[in-house]
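Let me begin by presenting the structure, written as structure tokens, before commenting on it.
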Amino acid sequence: MNHLYDSNWQAEFITGAVDPRGFPEASLPEIAFAGRSNVGKSSLLNRLLNRKNLARVSRTPGRTREINFFAVGGRFLFVDLPGYGYAKVPQDQRRVWDRVMEHYLSGRTKLRAVVILLDLRRGVTHLDLALMELLAVTGTAWLPVATKIDKLKSNPRRQALKDLHEAISGIPGYGLPPVVPVSAHTNEGMDALWSRLRSILDAEP
């Protein structure tokens, strides 16, 4: 159980959009979640919202190409962005998805921040850096979250978190430090993440 998640909030799937025409009206604050395929994004969203299958966990990383919108308590939206770094996808289709992503990130008026999920075992990839740089250009705040921390023991975890921080601390737009370490498997770090998310939502836009 996440102690900072209000159990009175009802989380529900609103829609999945494959192009901007399918985006819902931007009337509530939004926090988007992004990361490489297989970083554990759907599992994290389900754990945050105390739901088992709200966000669908694909057996094939990179299969889900929709931008999925979830309303939480009628107060704000969580937005599940397609995983990047996917393979076996035609280049023309990949470019279409990239344009939809860029349209959302640059034009969504209620977007408060993007949570960038980073597998602690893998570190920061060039695709992660490309997203961070894009958000710097659009002026969008982003929050780094290290996932799957349960896969590392104490000392390697500490070093990996240090390396992760050093890798991203000099990137323009890094305005929501420090890195939040979490595990969707053990629930570790979820209250800390909820605290950061609620601070973002409660802040003046």
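Could you grab me the full set of residues in the stretch 154-191 that are small (G, A, S) and either surrounded by 14 or more Cβ atoms within 10 Å (Cβ to Cβ) or in contact (Cβ under 8 Å) with a residue 60 or more places away in the chain (or both)?
A160, A167, G173, S183, A184, G189
Listed here are the residues, each with its yes/no results for (1) at pLDDT 90 or above; (2) over 17 Å from H185 (Cβ atoms).
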position	(1), (2)
K41	yes, no
N68	yes, yes
D80	yes, yes
Y84	no, yes
A87	no, yes
R108	yes, yes
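Which count do you get for residues in the stretch 1-23 that are more than 19 Å from the chain's Cα centre (by Cα), modelled with pLDDT under 75 and more than 11 Å from L49 (Cβ to Cβ)?
Count: 3.
Which pairs do you get when a residue that is within 19 Å of A160 (Cβ to Cβ), found in the stretch 101-127, comes within reach of a residue that is of a type in the set (S, T, N, Q) and in a strand (DSSP E or B), reach meaning Cβ atoms under 7 angstrom, with the pair 6+ apart or on two chains?
Listed pairs, sorted by first residue: L117/T147; L118/T147; D119/T147; L120/T147.
State yes or no: is A146 crowded, with 19+ Cβ neighbours inside 10 Å and more than 18 Å from the chain's Cα centre (by Cα)? First the steps, then the outcome.
On the way: crowded, with 19+ Cβ neighbours inside 10 Å: yes; more than 18 Å from the chain's Cα centre (by Cα): no.
Against the criterion (crowded, with 19+ Cβ neighbours inside 10 Å and more than 18 Å from the chain's Cα centre (by Cα)), A146 does not qualify.
Exactly one condition in (1) more than 20 Å from L77 (Cα to Cα); (2) in a helix (DSSP H, G or I) is not met by P177; state its number.
Answer for P177: the failing condition is (2).
What are the residues in the stretch 106-129 that are assigned to a helix (DSSP H, G or I) and farther than 20 Å from P177 by Cβ, if any?
Correct list: S106, G107, H126, L127.
The values are calculated or read from the model by the stated rules, or taken from the named source; none is laboratory data. It should be emphasised that the depicted structure is a prediction, and the values quoted were computed from it without experimental measurement. Note that we place each Cβ from the backbone using ideal geometry, even for glycine, and neighbour counts take in every protein chain shown.
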